[in-house]
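A quick write-up on the structure given underneath.
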Amino acid sequence: MADFITKKETDYSQWYLDIVLKAELADYSPIKGSMVIRPRGYAIWESMQSHLDTLFKDTGHQNAYFPLLIPEAFIAKEAEHVEGFSPELAVVTHAGGAPLETPYVIRPTSETIIWSMYKKWIQSYRDLPLLINQWANVVRWEKRTRLFLRTSEFLWQEGHTAHESKQEAVEETLRILDIYRRFLEDYLAIPVQQGRKTKLEKFAGAVDTYCVEALMQDGKALQMGTSHFLGQNFAKAFDVRFQTRQKELEYVWATSWGVSTRMIGGLIMTHSDNKGLVVPPRVAPTQVVIVPIVNSENKREVLTEAHKLYDQLSPHYRTVLDDDDTSSPGFKFSEWELRGSCLRIELGPRDIAKASAMLVRRDSGVKTSVPLIHLSKEIQTHLDSMHHDMYHKAKTFVDQHTHRAHSYDEFKQLCAQPISGYIIADWDGSDTVETQIKEDTMATVRVVNSIDPHDTKKPARCIVSGRPATARGIFAKSY
RNA sequence: CGGGGUAUGGCCUAGUGGCUAAGGCGCCUGCUUUGGGAGCAGGAGAUCGUAGGUUCAAAUCCUACUACCCCGACCA
């Protein structure tokens, strides 16, 4: 992990931005607040897409596509939705060289355009459940942006489902939440907290918002994915009713859920170190880089061996052979560490003499000499253990920075720590207390979970008001 | 929208009133090199963010503007 623990907040920001820019994942774009995702960064996104698509399709979801522009009036149909999104809409007022009679907004999310179509598609319980996902870009004109973490335009997937019953929709909401948790842990090696959002933090238009949260190395939380139970709000706003099995007419029950390119930012902030990017093996664009070490005498022999090795490995691993002879091995080592290649294979005369290669891990820096005949198998073993080691390193960090606050004084003291982390506290569930905590300490409720009655012998009390506590929250400062 | 900062070749920086704007990285040419960011020699590349002002003289001082970055406000 990076050793900026004692440094200031701005240094952490700079460290993060340096990695994004120097590892060539993204760049500032000419449009303020939006970024250019460069090929190396996009490859991570493609990898995420492919894994998530599999998880969605395995649970019966299908991909579709809806328009970028949404009639402004659609947004206004759901009261909370319009209130929540209005301040951050980009509006198209002119087209074809003339003012438009009715303006369009660039989608900040697609609930409204999708539900306008669902009205046509859903008549009977036979049409349900309708399980659709879309890969798209959306625009939200935020006041403050940061590469990957909050850009005015970003890429995401948004799922939109319609169900016969409340229970089925709630189950779907939680099923997706669990897919997100599994994806983050099993593919990105990022441990997460899952739970419900408070009324103040939930999605504009949802009945309940659930989310997965991760803890960054500076002790701030980052929301990595959300899954909303929408109740019948959008069905009512767009008048989507269906004939039930009992021949009655009822509004359908809905969910929506999404994860975005923000996950790339979360991945960087969770795993990377002072040498640069560290990418978990299952999504890494480059899993193995082969660096041949040549001199004028053995050049041909070493390069022949290196190419043989490349041919052998590249069908199984995302492999790069760096045979550029204008830069030195030392330069390449540093360069590939910065770019986050999982494993480096050094192949030089000494190695070839004993029919082996030097294998170096990005996460730990540990070097092992491996016989060439075992190399392919060894790589798999190392990639697997690298994933587990990265997960456990991150998990240990989270555990070390998770504290329980029994009083407000204790809470405030924990918030004042350089790396405040998660603070678990009981409160009365009121907006007033939540707001006060935010004003006093900058910490917000990341997720709410119900209080396990077996956990405390005496009834839980709100740390601020002293009233009986109704909820146990995980609080943190956040991005 | 507030607070702070920056603006000099493709990138990073030096230059705080005075001769032809300096250096590093990168780039081009050639040679030599290659096990942790190689070396030597030569070369190309800048109207010093924009506009105005002060002065014999401005990259440097003053004013305004613009852009970007950081911290807030805001933010499924």
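Of the residues A:ALA357, A:ALA425, the single one that is over 25 Å from A:MET216 (Cβ atoms) and assigned to a strand (DSSP E or B) is A:ALA357. Number of residues in the stretch A:394-408 that are among the basic types (Lys, Arg) and part of a helix (DSSP H, G or I): the value is 1. Please go through the stretch A:224-248 and give me each residue that is crowded, with 19+ Cβ neighbours inside 10 Å and not aromatic (Phe, Trp, Tyr), ordered by number. Of everything in the stretch A:224-248, those that are crowded, with 19+ Cβ neighbours inside 10 Å and not aromatic (Phe, Trp, Tyr) turn out to be A:MET224, A:GLY225, A:THR226, A:SER227, A:HIS228, A:LEU230, A:GLY231, A:ASN233, A:ALA235, A:ALA237, A:VAL240.
Scanning the stretch A:320-335 for residues being touching a residue at least 40 places away in the same chain (Cβ under 8 Å) and out of contact with any Asp or Glu (no Cβ under 7 Å at 6 or more places or on another chain) gives a total of 2. Counted as qualifying within the stretch A:22-73 are the strands (runs of 3 or more DSSP E) with 1 or more residues that are touching a Lys or Arg at 6+ places or on another chain (Cβ under 8 Å) and surrounded by 14 or more Cβ atoms within 10 Å (Cβ to Cβ), namely A:26-28, A:69-71. Just one of the numbered conditions (1) closer than 13 Å to A:PHE411 by Cα; (2) within 16 Å of RNA strand B (Cβ to nearest atom); (3) at pLDDT below 95 is not true of A:VAL445: (3). For first residues located in the stretch A:201-214 and under 27 Å from A:MET269 (Cβ atoms) and outside any strand (DSSP E or B), partners that are of a type in the set (Ser, Thr, Tyr) and near RNA strand B (Cβ under 6 Å from one of its atoms) and lie 6+ apart or on another chain with Cβ distances below 8 Å form the pairs A:GLU201/A:THR209; A:LYS202/A:THR209; A:PHE203/A:THR209; A:PHE203/A:THR226.
Within the stretch A:180-199, the set of residues being within 16 Å of RNA strand B (Cβ to nearest atom) and either among the charged types (D, E, K, R) or over 28 Å from A:SER34 (Cβ atoms) (or both) comprises A:GLN193, A:GLN194, A:GLY195, A:ARG196, A:LYS197, A:THR198, A:LYS199. If you check A:VAL398 against the conditions, is it under 20 Å from A:ALA306 (Cβ atoms) and either within 16 Å of RNA strand B (Cβ to nearest atom) or touching a residue at least 40 places away in the same chain (Cβ under 8 Å) (or both)? In short, no.
When A:VAL283, A:VAL259, A:VAL278 are checked against the criterion of being under 22 Å from A:ARG150 (Cα atoms), hydrophobic (A, V, I, L, M, F, W, C), more than 13 Å from the chain's Cα centre (by Cα) and at pLDDT 95 or above, a single residue qualifies: A:VAL278. Of all residues in the stretch A:121-133, exactly one satisfies the criterion of being closer than 30 Å to A:SER50 by Cβ and exposed (fewer than 14 other Cβ atoms within 10 Å of the Cβ), namely A:TRP121. No other residue among A:ALA136, A:ALA169 is buried (at least 19 other Cβ atoms within 10 Å of the Cβ) and modelled with pLDDT of 95 or more apart from A:ALA169.
Restricting attention to the stretch A:83-120, the residues being without any contact (Cβ under 8 Å) to a residue 12 or more places away in the chain and surrounded by 13 or more Cβ atoms within 10 Å (Cβ to Cβ) number 2.
Taken as a whole, the structure leaves A:ASP58 outside the set of residues that are within 16 Å of A:TRP135 (Cβ to Cβ) and among the acidic types (Asp, Glu). Residues in the stretch A:139-154 that are without any contact (Cβ under 8 Å) to a residue 60 or more places away in the chain and surrounded by fewer than 18 Cβ atoms within 10 Å (Cβ to Cβ): A:LYS143, A:ARG144. Taking the residues in the stretch A:285-339 that are assigned to a loop (DSSP other than H, G, I, E, B), small (Gly, Ala, Ser) and exposed (fewer than 13 other Cβ atoms within 10 Å of the Cβ) as candidates, determine which candidate is nearest to RNA strand B (Cβ to nearest atom). So, considering only residues that are assigned to a loop (DSSP other than H, G, I, E, B), small (Gly, Ala, Ser) and exposed (fewer than 13 other Cβ atoms within 10 Å of the Cβ), the one nearest to RNA strand B (Cβ to nearest atom) is A:SER328.
If you scan the stretch A:241-262, which residues turn out to be within 16 Å of RNA strand B (Cβ to nearest atom) and out of contact with any strand residue (DSSP E or B) (no Cβ under 6 Å at 6 or more places or on another chain)?
A:ARG262, the sole residue that qualifies.
For A:THR381, the conditions (1) more than 30 Å from A:VAL291 (Cα to Cα); (2) assigned to a helix (DSSP H, G or I); (3) under 27 Å from the mean Cα position of the chain (by Cα) are fulfilled apart from (1). If you filter the stretch A:101-126 down to residues that are of a type outside the set (A, V, I, L, M) and within 26 Å of the chain's Cα centre (by Cα), you find that the one that is nearest to A:PHE238 (Cα to Cα) is A:TRP115.
In the set (1) more than 33 Å from the chain's Cα centre (by Cα); (2) surrounded by fewer than 19 Cβ atoms within 10 Å (Cβ to Cβ); (3) touching a residue at least 24 places away in the same chain (Cβ under 8 Å), the condition left unmet by A:LYS354 is number (3).
The values are calculated or read from the model by the stated rules, or taken from the named source; none is laboratory data. Quantities reported herein were computed from a predicted structural model and do not represent experimental measurements. Here Cβ is always computed from backbone atoms with ideal geometry, including for glycine, and neighbour counts include all displayed protein chains.
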